[in-house]
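Here the structure comes first, spelled out in structure tokens, and everything after it is commentary.
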Amino acid sequence: MDYSIRKLSGADVAAYRAVRHEALVNHPTSYGSSAESFAALGDDELRDTLDRMTFFGVLAEESLGGIVAFGQTQGERERHRGWLYQVYVQPRLRGTGAASALIEGRSSMPAHGRCRFTWASPPKTSRQSGCTKKPALKSTGLSLGPFS
């Protein structure tokens, strides 16, 4: 299956809402938020989140099929650190490399600097969220550029 990776923005709120809600409904123990609390968020709040953090999406068959958010630590001595949040790929894209492409997700972002990202997930949920054969805690240096 062909897919592409691109940075998401506030304009993607409807597609993001659908994929994120699917992840929370189908894998409730994999995430810190509940489907109910997420569903209560307004579009403006989600748009602000999409614009504040760095989100990538995987697109296949003209629809969003997976998401990942990158957040950078703001502390003076920790600006080189970041976290991966909300990693999810729909079943139709699992086993295609889409999850790895999302995590490596630099295809649409200029390399202005380096940040070490850490992905923390209980071992039993790594497969459930669509990312197979990944360790429970992985750090990787990615050149993703500045965060807004």
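The values are calculated or read from the model by the stated rules, or taken from the named source; none is laboratory data. All values derive from a computational prediction rather than experimental measurement. All Cβ positions, glycine included, derive from the backbone under ideal geometry; neighbour counts span all protein chains shown.
Structure notes:
- LEU64, sole failed condition from (1) under 13 Å from the mean Cα position of the chain (by Cα); (2) modelled with pLDDT under 95: (2)
- Residue list for region 41-78, restricted to those being aliphatic (A, V, I, L, M), under 15 Å from SER9 (Cβ atoms), assigned to a strand (DSSP E or B) and touching a residue at least 40 places away in the same chain (Cβ under 8 Å): LEU59, LEU64, ILE67
- Residue in region 79-102 that is assigned to a strand (DSSP E or B), in contact with a helix residue (DSSP H, G or I) (Cβ under 8 Å, 6 or more places away or on another chain), surrounded by 13 or more Cβ atoms within 10 Å (Cβ to Cβ) and at pLDDT below 90 present: yes
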